Amino acid sequence: MTLKIALLPGDGVGPEVLAQAVKCLKAVEETFNQHFIFKEAPVGAIAMDKTGVPLPDTTLTLCKESDAVLFGAIGDPKYDNDPDAKVRPEQGLLQLRKELGLFANIRPVLSHPTLLDKSPLKKEVISGTDFVIYRELTGGIYFGEKKLNPEGTIASDLCEYSENEISRIAHLAFKAAKGRKKKLTLVDKANVLESSRLWRKVVTKIGESYPEVALDFLFVDNAAMQIILNPKQFDVVLTENMFGDILSDEGSVIGGSIGLLASASIGEENALFEPIHGSYPQAKGKDIANPIASILSVAMLLEHFGLAEEAWAVKKAVDKSLKKGIVTLDLKENSQYGTNQVGDFIAHNIVDIEDDFRMNDENIDLGKSTII
Ligand code: IPM
Ligand code: MG
């Protein structure tokens, strides 16, 4: 299979982690006889510095012409604390999601057996957690009308949803639940919000065509509590844009580090894959950012194109790095492994997936890894 992949490294640690993801894709090419054509383009603060806008037309065109987009991270502190900034790097990502029609954001939340100690939550609470968040990504309060009165003293953001926006992601979520533990939880605030009541109505109706899936409902405040109280109760969590943003960061605590969570954003014609962590500007250029979320985004990309064996090899290689402790500082105190070395190790192990636990670790330990 030949795939055209647009690389959008973006800001902060984005370029560093994305470079590791690309190493892994090259390892997949080498091992499985696939072919990937990479083209890179600027987005975010880096694009604003170069062109004045966070999503240049050339970047958007490249993304539209590609089979998939691999995204690094976005955001720069120089814009974060300036409420008067007219343009923000994040707008580049939001515009990209909208323009590419990426309405479904899929964020798996898993506890890794080797990392149970890394979470501040109790082992017995998180062990065995395996759920996936289906977050609506192109509607709701993120994209509704925004107002600020001329005096700058009253502001509002409209949260609007249409039946169609709800039903297209609901179908994807029900189908996912069918192939998993057959449970779907709709998270909303239907006791207060009209838009949430529409979600309930539409999702309940669609649920009738998926009789094998058990459907239940949770208010978002309760869901926020349940996710850390008893995360094993969840299978597929379906929710609107902003609730999904918040709950997925909360879910990352279960995995032990936000540096592990990958995501896929899917539309009718396009797909984008990105770690859920932000640009982590404090770590930029220090070779300490965890590349695993970016590498697992590659696994989601491969799965999306039906390359199941390839995706499995990537996940297996990541597991091995976790088991062997070839991980960055966020996962192991005093770890001497940097972003690059972890990326090398995982890429190596995609190539040598059959060799299991014997090969080349010494080279990695000595910083002499040779891949790519
Ligand atoms: C995310 C991020 C984005 C969002 C930001 C960077 C706009 O937090 O992907 O979760 O809020 O969707
Ligand atoms: Mg977020």
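The values are calculated or read from the model by the stated rules, or taken from the named source; none is laboratory data. Source: prediction; values computed, not measured. Here Cβ is always computed from backbone atoms with ideal geometry, including for glycine, and neighbour counts include all displayed protein chains.
Which condition number in (1) in contact (Cβ under 8 Å) with a residue 60 or more places away in the chain; (2) within 11 Å of ligand 2 (Cβ to nearest atom) is the one that L260 fails?
(2)
From G278, G259, G267, G255, grab the single residue that is touching a Gly at 6+ places or on another chain (Cβ under 6 Å) and modelled with pLDDT under 95.
Result: G278 is the single residue among G278, G259, G267, G255 that is touching a Gly at 6+ places or on another chain (Cβ under 6 Å) and modelled with pLDDT under 95.
Considering each residue of region 54-76, count those that are assigned to a loop (DSSP other than H, G, I, E, B) and within 16 Å of ligand 1 (Cβ to nearest atom), and give that number.
Residues flagged as assigned to a loop (DSSP other than H, G, I, E, B) and within 16 Å of ligand 1 (Cβ to nearest atom) within region 54-76 amount to 5.
How many of the residues in region 98-142 are at pLDDT 95 or above, surrounded by fewer than 18 Cβ atoms within 10 Å (Cβ to Cβ) and of a type in the set (S, T, Y)?
The number of residues fulfilling the criteria is 1.
Per-residue answers, yes or no, for (1) in the same structural domain as A289 (by TED's automatic domain parsing); (2) free of Cβ contacts under 8 Å to residues at least 40 places away in the same chain; (3) more than 24 Å from I141 (Cβ to Cβ):
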position: T2; (1), (2), (3): yes, yes, yes
position: P15; (1), (2), (3): yes, no, yes
position: K39; (1), (2), (3): yes, yes, yes
position: K50; (1), (2), (3): yes, yes, yes
position: V53; (1), (2), (3): yes, yes, no
position: D57; (1), (2), (3): yes, yes, yes
position: E65; (1), (2), (3): yes, no, yes
position: G72; (1), (2), (3): yes, no, yes
position: V87; (1), (2), (3): yes, yes, no
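Given the options I258, I246, name the one that is within 14 Å of ligand 1 (Cβ to nearest atom) and touching a His at 6+ places or on another chain (Cβ under 8 Å).
Matching residue, one of I258, I246: I258.
With the condition kept exactly as written, say whether any residue in region 249-256 is farther than 26 Å from D67 by Cα, within 16 Å of ligand 2 (Cβ to nearest atom) and hydrophobic (A, V, I, L, M, F, W, C).
Checked against the condition, which is being farther than 26 Å from D67 by Cα, within 16 Å of ligand 2 (Cβ to nearest atom) and hydrophobic (A, V, I, L, M, F, W, C), region 249-256 yields at least one hit.
Name the pairs: first residue in region 297-308 and at pLDDT below 95, second residue in a helix (DSSP H, G or I), Cβ to Cβ under 9 Å, at least 6 apart or on different chains?
none
Can you pull out every residue in region 27-52 that is surrounded by 15 or more Cβ atoms within 10 Å (Cβ to Cβ) and closer than 16 Å to E90 by Cβ?
Those that are surrounded by 15 or more Cβ atoms within 10 Å (Cβ to Cβ) and closer than 16 Å to E90 by Cβ: P42, V43, G44, A45, I46, A47, M48.
Could you list, in sequence order, the residues of region 196-238 that are of a type in the set (D, E) and either closer than 19 Å to L172 by Cα or buried (at least 21 other Cβ atoms within 10 Å of the Cβ) (or both)?
E208, E212, D216, D235
Look at G244 and say whether it is part of a helix (DSSP H, G or I) and within 12 Å of ligand 2 (Cβ to nearest atom).
yes
Search region 265-295 for residues being aliphatic (A, V, I, L, M) and farther than 18 Å from V22 by Cα, and hand back the single one that is surrounded by the most Cβ atoms within 10 Å (Cβ to Cβ).
The residue in question is I266.
State yes or no: is L102 under 23 Å from the mean Cα position of the chain (by Cα), within 16 Å of ligand 2 (Cβ to nearest atom), outside any strand (DSSP E or B) and at negative phi?
So L102 fits the description; yes.
Check off (1) buried (at least 22 other Cβ atoms within 10 Å of the Cβ); (2) more than 16 Å from ligand 2 (Cβ to nearest atom); (3) within 30 Å of S66 (Cβ to Cβ) for G179 and give me the number that stays unchecked.
Against the list (1) buried (at least 22 other Cβ atoms within 10 Å of the Cβ); (2) more than 16 Å from ligand 2 (Cβ to nearest atom); (3) within 30 Å of S66 (Cβ to Cβ), G179 comes up short only on (1).
Taking D76 as the residue in question, decide whether it is at pLDDT below 95 and surrounded by fewer than 23 Cβ atoms within 10 Å (Cβ to Cβ).
yes
Does E212 satisfy being assigned to a loop (DSSP other than H, G, I, E, B), of a type outside the set (A, V, I, L, M, F, W, C), in contact (Cβ under 8 Å) with a residue 40 or more places away in the chain and away from ligand 1 (no atom under 16 Å from the Cβ)?
So E212 fails the test.
Can you give me the ranges of the strands (runs of 3 or more DSSP E) entirely in region 109-199 with at least 3 residues that are under 30 Å from L322 (Cβ atoms) and in contact (Cβ under 8 Å) with a residue 12 or more places away in the chain?
So the answer is 130-136, 183-188.
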